[in-house]
Amino acid sequence: MKYFRCITSDVDPAPFLAEIAAIDDAWDAATGRQDKIKVQREALSIPLRGLRKSAIGERKRRDVHESRWTTGSKRYPLARQFLTDIARAEYSLLSRAKIVCLPAGRRVYPHIDRGDYYKVRNRYHLVLRSATGSWLKAGNEEVRMQEGELWWFDNKQVHEAFNDGDQDRIHMIFDLLPAAKAEAVLSKVA
């Protein structure tokens, strides 16, 4: 496969799911994803890291490289630690991150992640819940990711997702900037 690679299949999703379940309004606190991004309108999200709004200036949001932990991410220390650890293991800088719920029968519509931010980063999905596996398509390739698997995929290709199961599908989705590219990218925005 050219657009997908399974990094590992042995991550225990239970602690992350328990962390989410312990917070009453976890999926209601932020609605920007479904309100502002048309192709994501059927997905719910918990932002963990987002773009640094003070860095936008004259740039489009998709061209802003600077990111930061969200205030709400403090409620998810296990997720934060996982993201920090995987960035280190992949010799990368952690960028934007979120936990996403795609309810049963819902989809993420076909799109390409465009902009300077996405050109230099790698996209990852950690499957936390998906009883029948999570279907995802990028380019002409399709995969069915299983719970506990961490996947890299090429979000610069047209990609889409559909939850054909009968329960919510929950993923941790995040971007990593390879350390080898970081100095060149970040020195341009300084």
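Quick notes on this structure:
- A Förster distance of 41 Å, applied to the separation of the beta-carbon atoms of residue 104 and residue 180, puts the FRET efficiency at 0.50.
- Solvent exposure ordering (accessible area, 1.4 Å, most first) of 162, 16: 162, 16
- Take every pair of alpha-carbon atoms less than 8 Å apart whose residues are at least six positions apart; their mean separation over the length of the chain yields a relative contact order of 28 percent.
- Share of carbon and sulfur in the accessible heavy-atom surface of the chain [1.4 Å probe, %]: 49 percent
- Anisotropy class of the stretch 79-170 from Cα gyration tensor, a/c 1.5 cut: oblate
- Point-to-point label distance, residue 62-residue 17, nm (Cα→Cβ direction, 7 Å offset): 3.4 nm
- Against the chain, whose longest principal axis is taken from its Cα atoms, helix 179-189 shows a tilt of about 60°.
- Solvent-accessible area per residue, Å², over the chain with all protein chains present [probe radius 1.4 Å]: 51 Å²
- For the stretch 85-96, Karplus couplings with θ = phi - 60° (6.51, -1.76, 1.60), whole Hz, Gly/Pro x: 5, 6, 4, 5, 5, 9, 6, 9, 9, 6, 10, 6
- Amide H contacts under 5 Å for residue 96, placed H, 5+ residues apart: 175
The values are calculated or read from the model by the stated rules, or taken from the named source; none is laboratory data. What you are looking at is a predicted structure, and each value in this text was computed from that prediction instead of being measured. Counting neighbours? That spans all protein chains shown, and the Cβs are built from the backbone with ideal geometry, glycine included. Surface areas here come from the heavy atoms of the whole protein model, side chains and all, with no ligands, DNA or RNA. Shrake-Rupley method; radii C 1.70, N 1.55, O 1.52, S 1.80 Å.
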